[in-house]
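Just dropping this structure here.
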Ligand code: URA
């Protein structure tokens, strides 16, 4: 109500003070009445329910955070509104981001930031979907393709999955890039199309629409160039505002740590997970976070079409062990939080049955058809997914030692994939869906002499040679047996 009333006044109100910037700076942040003479607007005093008077001008809000003060909800709303409607200049937004990055935010502030960012645009109305609506978000890692097979597995168990994802920001493609490896697959559904598909199928895997959480688009672009990406409250607001605007009832988070993760350090990953779960709960959404290890790539494939083929293998019951371990763990928590499946073990059995019965694969087929993709990919991935021109195995003799695999450096594998063209070095780069790495060795495996460590898929000879060298150098061996590490380290919430 408060927003609606204020927005109407803002739309019709006009300043007598000349330039736009001056008008905005000298206006009440709630109703935009001119404050030039009055100082504080009566309307704003009425609406500001916090004990402390809110600071009115961007520079005052920035200075308060600079001096480690706790911001009120109204001040945080003003900052987010300033990012959305352009009433704060980029230099003010950037200064505020840096102040938050250095001084931090407590739980109240982080929840207020998330709520304000979530309400900066449309909240998808999925009230027409009768099933509980659950989603999963991963902070991302090398070979992380879990969403693609997890979503149909969960949907086949009677939980609607309205999943909006991003493109790859790092060395490998994101979920959308992977899905676009399926010929014809359309990730750019409009909000009405998304809603209709959710009501009909109970599943959608699409890109973020511009109407949802527009404040994040502005703030993320500034964070990217101002050294303020690594702030836990800002990451929390960014991720959750988009997820909660999808119209979900509950959320499971996969927070990764290790060499191939966004957060290298486990303690920081735990802090992020705890903050995100806390913010979700404050906003009335049940949430849980799994801390999962990302030292080696997840599964055996890295590269867009190769990962789609691996996901189809998962849905056919032939998924790599580590990939299925994290998939079942996330899926079980999604079912339990959604109220389908009372315990984690029974939820896992439901998911296993969805694979064994073919229901999960059938759900994925429905999704692919609904979004314009070629369903023949599901029956014969090699024939219908893009294929690279050159394929070359990296074998044990490429290394000076063989034996038991002790480590597969996820970041080196990611860089090899990037060199092949599977990811983007810059946002405007085009991805080659066909290239990447498959048949990747896993920690704990014994590879006999001449055995395969990986297969490189390339469309360029020089890139193939570079990727071969990187992959060979990424894999280390031990003469004594190595136990594969547990992948799910901790559950928070
Ligand atoms: N992903 C996001 O969407 N936002 C962040 O801030 C970090 C990762």
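The values are calculated or read from the model by the stated rules, or taken from the named source; none is laboratory data. These numbers were taken from a predicted model, which means no experiment stands behind them. Ideal geometry is used to build each Cβ from the backbone, glycine not excepted, and the neighbour counts take in all protein chains shown.
Any residue in region 155-169 that's assigned by TED's automatic domain parsing to the domain that holds residue 188 and under 17 Å from residue 368 (Cβ atoms): show its pairings with residues that are within 11 Å of the ligand (Cβ to nearest atom) and at pLDDT below 95 at Cβ separation under 9 Å, as long as the two are six or more apart or on different chains.
Hits for this filter: 165/174; 165/208.
Test of understanding: among 330, 234, 290, 272, which residue is in contact with a helix residue (DSSP H, G or I) (Cβ under 9 Å, 6 or more places away or on another chain), more than 16 Å from the ligand (Cβ to nearest atom), farther than 28 Å from residue 199 by Cα and outside any loop (DSSP other than H, G, I, E, B)?
Checking each option against the conditions leaves just 290.
For region 256-269, enumerate the residues that are touching a residue at least 40 places away in the same chain (Cβ under 8 Å) and either closer than 30 Å to residue 123 by Cα or touching a helix residue (DSSP H, G or I) at 6+ places or on another chain (Cβ under 8 Å) (or both). Lay out the reasoning, then the answer.
Here is the first cut: in region 256-269, the residues touching a residue at least 40 places away in the same chain (Cβ under 8 Å) are 256-263, 266, 269.
Selection gives 256, 257, 258, 259, 260, 261, 262, 263, 269.
Mind listing whichever residues of region 240-267 are crowded, with 24+ Cβ neighbours inside 10 Å, in a helix (DSSP H, G or I) and either at pLDDT below 95 or more than 10 Å from the ligand (Cβ to nearest atom) (or both)?
Of everything in region 240-267, just one residue is crowded, with 24+ Cβ neighbours inside 10 Å, in a helix (DSSP H, G or I) and either at pLDDT below 95 or more than 10 Å from the ligand (Cβ to nearest atom) (or both), namely 244.
While we're here: Of these, 205, 191, 126, 179, which one is more than 22 Å from residue 312 (Cβ to Cβ) and surrounded by 18 or more Cβ atoms within 10 Å (Cβ to Cβ)?
Step by step, each of 205, 191, 126, 179 is checked, and only 126 is more than 22 Å from residue 312 (Cβ to Cβ) and surrounded by 18 or more Cβ atoms within 10 Å (Cβ to Cβ).
Just name the residue that is nearest to residue 321 (Cα to Cα) out of those in region 137-146 that are in contact with a strand residue (DSSP E or B) (Cβ under 6 Å, 6 or more places away or on another chain) and within 14 Å of the ligand (Cβ to nearest atom).
The extreme case among them is 144.
Oh, and also: Exactly one condition in (1) within 10 Å of the ligand (Cβ to nearest atom); (2) closer than 13 Å to residue 164 by Cβ; (3) out of contact with any strand residue (DSSP E or B) (no Cβ under 7 Å at 6 or more places or on another chain) is not met by residue 211; state its number.
(1)
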